[in-house]
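Below are the structure tokens for one structure; questions will follow.
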Amino acid sequence: MREILEFLLEKLNENWVKFVTAGVFMLIGWFIGHRRARRNLKRREFFDRLNVSLNMIHEGRLLIRTLLEKRCEEIFLNSAAAQMVVDAAQRTTEKDPLLPLPKSDHWYFLNSVLNEISEQFAAGTIKRDLGLPVRCEQYVLCLTCEAAGLIKQKKVRAMLIRKALLEKLPEQAPAFESPHHQTRWQTLQFLAAAYKTKPEQFLNMEICL
């Protein structure tokens, strides 16, 4: 036992500078992370979160419903890819909420989100394969981060909307469940136009129920 203690003391004496340095860096890292988290909370910025929202117009009213929300790393399964999304989300503008990702990478990111959504509706796909009665509809998916209007929280938002609705969005604004949904309506108007000119930033998917 004495030999073990002497060995440990000897190693501590030889490497105490390294231990102290490591401890200091750990403390600095914790402090910076804690400060950043407090700042993001104050600003209501949660760029590391991805929210999938279904946008629909029912009986003349714009409805926005969350289908799922996860950390970006849980969806893209790669820290570098997730960071690319976070960085892009911080570069969106009031005029353009679409994530400014490299053109060649759009499919990769959108397909990762599509896979998450598909899991939610896997039962409908199996029913269709078994010949059971289901209803299928084409939807459009895109990645955004709204920066305009009265947005309560800034985060990555995967917009999901029926293709038929996006292609023929009403000219007259629908009624809103909340005043800040005016921003979402403006976003949908922008997406309807962008869908025609920037198709690479969108992905079509079929959902069956």
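The values are calculated or read from the model by the stated rules, or taken from the named source; none is laboratory data. Since we're looking at a predicted model, the values are computed, not measured. No Cβ is skipped: glycine too gets one built from the backbone with ideal geometry, and neighbour counts run over all protein chains shown.
Given the options Glu119, Glu146, Glu59, name the one that is among the acidic types (Asp, Glu) and within 18 Å of Ile207 (Cβ to Cβ).
On the way: Glu146 fails: within 18 Å of Ile207 (Cβ to Cβ); Glu59 fails: within 18 Å of Ile207 (Cβ to Cβ).
Criteria check complete, one pass: Glu119.
I'd like to check something: does region 153-175 contain any residue that is among the basic types (Lys, Arg), under 27 Å from Cys136 (Cβ atoms) and free of Cβ contacts under 8 Å to residues at least 24 places away in the same chain?
Among the residues of region 153-175, at least one is among the basic types (Lys, Arg), under 27 Å from Cys136 (Cβ atoms) and free of Cβ contacts under 8 Å to residues at least 24 places away in the same chain, which makes the answer yes.
Let's see how each residue does on (1) surrounded by 13 or more Cβ atoms within 10 Å (Cβ to Cβ); (2) in contact with a helix residue (DSSP H, G or I) (Cβ under 7 Å, 6 or more places away or on another chain); (3) modelled with pLDDT under 95; (4) more than 20 Å from Ala88 (Cβ to Cβ):
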{"site": "Val113", "(1), (2), (3), (4)": "yes, yes, no, no"}
{"site": "Phe121", "(1), (2), (3), (4)": "yes, no, no, yes"}
{"site": "Ile126", "(1), (2), (3), (4)": "no, no, no, yes"}
{"site": "Pro133", "(1), (2), (3), (4)": "no, no, no, yes"}
{"site": "Ala148", "(1), (2), (3), (4)": "yes, yes, yes, no"}
{"site": "Ile151", "(1), (2), (3), (4)": "yes, yes, yes, no"}
{"site": "Glu177", "(1), (2), (3), (4)": "no, no, no, yes"}
{"site": "Phe190", "(1), (2), (3), (4)": "yes, no, no, no"}
{"site": "Tyr195", "(1), (2), (3), (4)": "yes, yes, no, no"}
